[in-house]
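Novice: My questions all concern the structure below.
The values are calculated or read from the model by the stated rules, or taken from the named source; none is laboratory data. Bear in mind the structure is a predicted one, so any value in this text is a computation, not a measurement. Counting neighbours? That spans all protein chains shown, and the Cβs are built from the backbone with ideal geometry, glycine included.
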C-alpha cells in the first residue's frame with residue numbers, strides 16, 4: 001500500500017498543479033505577479049527626481065513639443081551651428097513613443113495645463129511599465145509555444161534578467177523600452193499562425209495581426225531590422241526542417257505564404273516610414289558585420305583598426321561578450337545550451353521523451369531569435385539588450401524539455417531538477433534587482449551640472465548659445481532651453497572635432513577662431529575632461545587608435561577627487577585621493593592658477609600639479625595638457641581669461657562667458 005502511494009504521489013501532485021495552473025483565477029494571478037515583479041525590479045530609480053542616461057532628455061523634450069503641438073521637422077535647440085532648413089531630425093526618428101506618452105499624460109491629467117516636470121514624472125514611470133508589460137507578453141509567448149509552466153518561467157526571466165531590465169528601468173525613457181512590446185506580440189501571433197496552418201482563414205488572420213504588431217515596431221524603434229533578420233533566418237532553416245520531416249505541400253505552402261506576407265508588408269511599411277533609409281541601413285550593417293571577409297571578422301572579434309573615434313570612444317560600441325556575466329548572470333550559459341539542444345530535440349525528439357514522429361515547427365523561431373541576437377550581442381555592448389528576451393525564451397525551452405524528459409524519472413531526480421530551475425530563477429531575480437540598485441541617474445552623480453544649469457537659467461539670455469561636448473548637449477537643451485553646439489543626435493562629426501580641437505589646442509588663436517565660428521556665448525566644461533584628453537585627440541586628429549602619436553602625447557592627465565582625513569592619535573591632516581595619500585602641506589602649497597613651469601619630474605616627464613580653491617580636487621598634467629586651452633581657462637591663465645571669463649564654478653563644472661567684444665575684433 002505504501003509503495004503504491006509513493007508511486008502515485010508525483011503524478012497526483014502534477015495533476016493538481018496542472019489543474020491549478022489551468023484555472024482562470026490562477027492565470028490572472030500569474031499575470032499580475034509577473035507584472036508586479038517586473039515593475040518592482042525596475043522601479044528603484046523612481047527614488048530619484050531625474051531621468052537616466054543622456055538621450056532620455058532628448059526624447060522627453062520631443063514629447064514636450066508633441067504634447068504642445070509644437071513638434072517641428074528639425075530640433076530648434078539641437079547642435080545649432082549645423083541646423084539647417086532641410087534637417088529633419090525629428091521626422092527621421094521614431095515618434096510613436098512621444099505620441100503615446102503624450103496621450104497618457106493628457107488622459108491622466110484631465111487636460112490640465114502643461115507642466116514639464118510633471119511630464120518627466122510620467123516619462124520616468126513609463127519604461128518600467130513597458131518592461132513589466134513585455135514580461136507578461138513573454139508569459140503568453142511561452143504559453144503559446146509550449147505550455148503555461150514554460151510561460152511562467154519565461155515571464156519571470158524577462159521580468160528580471162539584467163540586460164533587459166537595464167533599458168526598461170524607470171527613467172530610461174527611450175524607444176528601446178517600447179520597441180520589444182510589438183516584437184513579442186508579433187511573435188505570439190506568428191506562433192499561433194504556425195500552429196493553425198491547416199485552418200486557412202485563422203492562419204491568414206493571425207499572420208496579419210502579427211504583421212500589424214511588426215508594423216508598430218517599425219514606426220517605434222530603429223531596431224525593427226531585427227524582424228527581417230530573425231524571420232528570414234527562421235524561414236530558411238524551417239523550410240529545410242519541414243522537408244526533413246516530410247511536411248505536406250499544403251503545410252509548406254502555408255508556411256511560405258505566411259513568411260511572404262510578413263516580408264511584403266514589412267518592406268511596404270518600412271518604405272513608407274523611412275523611404276530607402278531602411279534597406280541602406282540593413283546593407284550597411286550586413287556589409288560590416290557579416291563575416292565574409294577578413295576585415296569583417298577582425299571587426300567582429302574587436303581587432304579592427306579602421307574604426308572612427310566615435311566607435312572607439314563610446315562605451316556601447318565596445319564588444320559585448322566581455323560583459324555577458326554582468327548582463328545575464330548565471331543564465332549566460334543557457335542560450336548556448338538551447339542552441340545545442342533545439343536541433344537535437346527537433347531531429348531526435350524521442351531522446352527527450354517525445355514520439356519519434358513529433359513535429360514542432362515553432363521552436364526554430366526561438367532558435368533564430370537566440371542565434372541572431374547572440375551574434376549581435378557578441379559584436380556590440382549596446383546589442384546585449386537584444387539578447388535579454390531570447391535568453392528568457394531559451395530558459396523556457398529548456399524547462400519544456402526538462403518537464404517532458406523528467407516525467408518517468410524518480411522523485412529525487414525531479415526534486416534535483418526543480419531545485420536547479422529554482423536556482424536559475426532566483427539568480428535572475430537577484431541579479432536584476434542588484435543591477436538596478438547600483439545605478440543612479442548621471443545627472444545626480446556628475447556633480448555641478450544641475451547648479452550650472454540653474455545659473456544659466458538665471459543669468460544667460462534666452463537666445464544664448466552654449467559651446468559644449470556632445471555628452472552634455474541633451475542636458476543643456478532640456479534644463480536650460482538654450483541651444484547647444486553638439487549633442488548625441490549630431491550626425492555630423494564636425495562639431496565634435498571642433499570642440500575637441502578647442503580644448504586641446506595649444507594655440508589660443510585657433511581656439512578663438514573656433515569660438516568665433518560657432519558664435520558661442522558660453523562654454524560649459526567639467527574637470528573630468530582632463531582625464532579624457534586621449535579620447536578627444538582621436539576626434540581632433542581623426543586617429544584610428546590610442547597608439548597614434550597625436551593621441552599618446554595627451555595620455556598623462558588626471559583629475560582626482562580628494563577627501564580630507566586625519567589620524568586618530570596625532571590629528572595630523574592629509575588628503576586621500578584616487579592616486580594615493582597627499583600630505584596636507586603639499587595640498588595647501590599646490591598652485592590654483594596656471595603655471596608655465598612644471599612642478600616636478602615624474603619618470604622623466606615634466607608634470608604640473610594643481611588643486612582647486614576648496615582643496616577637493618587635485619590635478620596632474622604633462623606639458624601637452626598643461627598648454628591646452630582648457631587648462632589655461634580652468635586655471636585662469638591671464639591671456640585666456642581675457643577671452644573666456646569664468647562666471648560660475650560648482651564642484652566639477654565651470655561656465656565661461658565668451659568676451660565677444662574681444663573675440664570678434
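Novice: Take the range 224-238 and flag every residue that is more than 25 Å from residue 343 (Cα to Cα) and surrounded by fewer than 20 Cβ atoms within 10 Å (Cβ to Cβ).
Specialist: Taking the range 224-238 and keeping what is more than 25 Å from residue 343 (Cα to Cα), we get 224-225.
225 - this is the single residue of the range 224-238 that is more than 25 Å from residue 343 (Cα to Cα) and surrounded by fewer than 20 Cβ atoms within 10 Å (Cβ to Cβ).
Novice: So, in the range 556-594, how many residues would count as being part of a loop (DSSP other than H, G, I, E, B), farther than 12 Å from residue 611 by Cα and touching a residue at least 24 places away in the same chain (Cβ under 8 Å)?
Specialist: Here the count works out to 2.
Novice: Oh, and also: Of all residues in the range 438-460 being assigned to a loop (DSSP other than H, G, I, E, B) and modelled with pLDDT under 95, which is nearest to residue 523 (Cα to Cα)? Steps first, please.
Specialist: We begin by selecting, within the range 438-460, every residue assigned to a loop (DSSP other than H, G, I, E, B); these are 438-441, 446-448, 460.
With modelled with pLDDT under 95 added as a condition, the list becomes 438-441, 446-448.
Working: 438: 32, 439: 29, 440: 26, 441: 23, 446: 17, 447: 17, 448: 14 Å.
Among them, the one singled out is 448.
Novice: Give the range 256-276 a look and list any residue that's crowded, with 16+ Cβ neighbours inside 10 Å and under 11 Å from residue 227 (Cβ atoms), or say none.
Specialist: 262, 263, 265, 266, 269, 270
Novice: Helices (runs of 4 or more DSSP H) wholly in the range 116-225 with at least 3 residues that are at pLDDT 95 or above - which ones?
Specialist: On the way: elements: 116-145, 148-160, 162-166, 176-195, 200-220.
The qualifying helices (runs of 4 or more DSSP H) are 116-145, 148-160, 176-195, 200-220.
Novice: Please work out if residue 378 is in the same structural domain as residue 34 (by TED's automatic domain parsing), touching a residue at least 60 places away in the same chain (Cβ under 8 Å) and assigned to a helix (DSSP H, G or I).
Specialist: Working: in the same structural domain as residue 34 (by TED's automatic domain parsing): yes; touching a residue at least 60 places away in the same chain (Cβ under 8 Å): yes; assigned to a helix (DSSP H, G or I): yes.
The answer is yes for residue 378.
Novice: All but one of (1) surrounded by fewer than 22 Cβ atoms within 10 Å (Cβ to Cβ); (2) assigned by TED's automatic domain parsing to the domain that holds residue 56 hold for residue 428, so report the exception by its number.
Specialist: Going through (1) surrounded by fewer than 22 Cβ atoms within 10 Å (Cβ to Cβ); (2) assigned by TED's automatic domain parsing to the domain that holds residue 56 one by one, residue 428 breaks only (1).
Novice: Report, by residue number, each residue of the range 79-96 that is under 25 Å from the mean Cα position of the chain (by Cα) and modelled with pLDDT under 85.
Specialist: Within the range 79-96, the first condition is being under 25 Å from the mean Cα position of the chain (by Cα), and the residues that meet it are 79, 88-96.
Answer for the range 79-96, where residues must be under 25 Å from the mean Cα position of the chain (by Cα) and modelled with pLDDT under 85: 79, 88, 89, 90, 91, 92, 93, 94, 95.
Novice: Inspect the range 463-474 for any residue being more than 21 Å from residue 650 (Cβ to Cβ) and touching a helix residue (DSSP H, G or I) at 6+ places or on another chain (Cβ under 7 Å) and give the result as yes or no.
Specialist: Filtering the range 463-474 down to residues more than 21 Å from residue 650 (Cβ to Cβ) leaves 463, 465, 470.
Then keep just the ones that are touching a helix residue (DSSP H, G or I) at 6+ places or on another chain (Cβ under 7 Å); that gives 465, 470.
Within the range 463-474, one or more residues are more than 21 Å from residue 650 (Cβ to Cβ) and touching a helix residue (DSSP H, G or I) at 6+ places or on another chain (Cβ under 7 Å).
Novice: Here is a further query. I'm trying to understand the selection: among the residues of the range 268-278, which are in a helix (DSSP H, G or I) and without any contact (Cβ under 8 Å) to a residue 12 or more places away in the chain?
Specialist: Residues of the range 268-278 in a helix (DSSP H, G or I): 268-274, 277-278.
Once the filter is applied, which keeps residues that are in a helix (DSSP H, G or I) and without any contact (Cβ under 8 Å) to a residue 12 or more places away in the chain, the range 268-278 yields 268, 271, 272.
Novice: Does residue 456 satisfy the condition of being outside the structural domain of residue 391 (by TED's automatic domain parsing), touching a helix residue (DSSP H, G or I) at 6+ places or on another chain (Cβ under 6 Å) and crowded, with 19+ Cβ neighbours inside 10 Å?
Specialist: Numbers: outside the structural domain of residue 391 (by TED's automatic domain parsing): yes; touching a helix residue (DSSP H, G or I) at 6+ places or on another chain (Cβ under 6 Å): yes; crowded, with 19+ Cβ neighbours inside 10 Å: yes.
For residue 456, the condition - outside the structural domain of residue 391 (by TED's automatic domain parsing), touching a helix residue (DSSP H, G or I) at 6+ places or on another chain (Cβ under 6 Å) and crowded, with 19+ Cβ neighbours inside 10 Å - is met.
Novice: Restricting the search to the range 593-615, which residues are farther than 19 Å from residue 566 by Cβ and surrounded by 13 or more Cβ atoms within 10 Å (Cβ to Cβ)? It would help to see each step written out before you state the result.
Specialist: Of all residues in the range 593-615, those farther than 19 Å from residue 566 by Cβ come to 593-610, 612-613.
594, 595, 598, 599, 602, 606, 607, 608, 609, 610, 612, listed by residue number.
Novice: Quick one: how many residues across the range 194-236 are farther than 17 Å from residue 269 by Cα and touching a helix residue (DSSP H, G or I) at 6+ places or on another chain (Cβ under 6 Å)?
Specialist: Number satisfying all stated conditions: 8.
Novice: Scanning for something more than 20 Å from residue 59 (Cα to Cα), assigned to a helix (DSSP H, G or I) and without any contact (Cβ under 8 Å) to a residue 60 or more places away in the chain, does the range 475-498 turn up at least one residue? Walk me through it before giving the result.
Specialist: Here is the first cut: in the range 475-498, the residues more than 20 Å from residue 59 (Cα to Cα) are 493-498.
With assigned to a helix (DSSP H, G or I) added as a condition, the list becomes 494-498.
Right, trim to without any contact (Cβ under 8 Å) to a residue 60 or more places away in the chain and you get 497-498.
Yes - at least one qualifying residue is present in the range 475-498.
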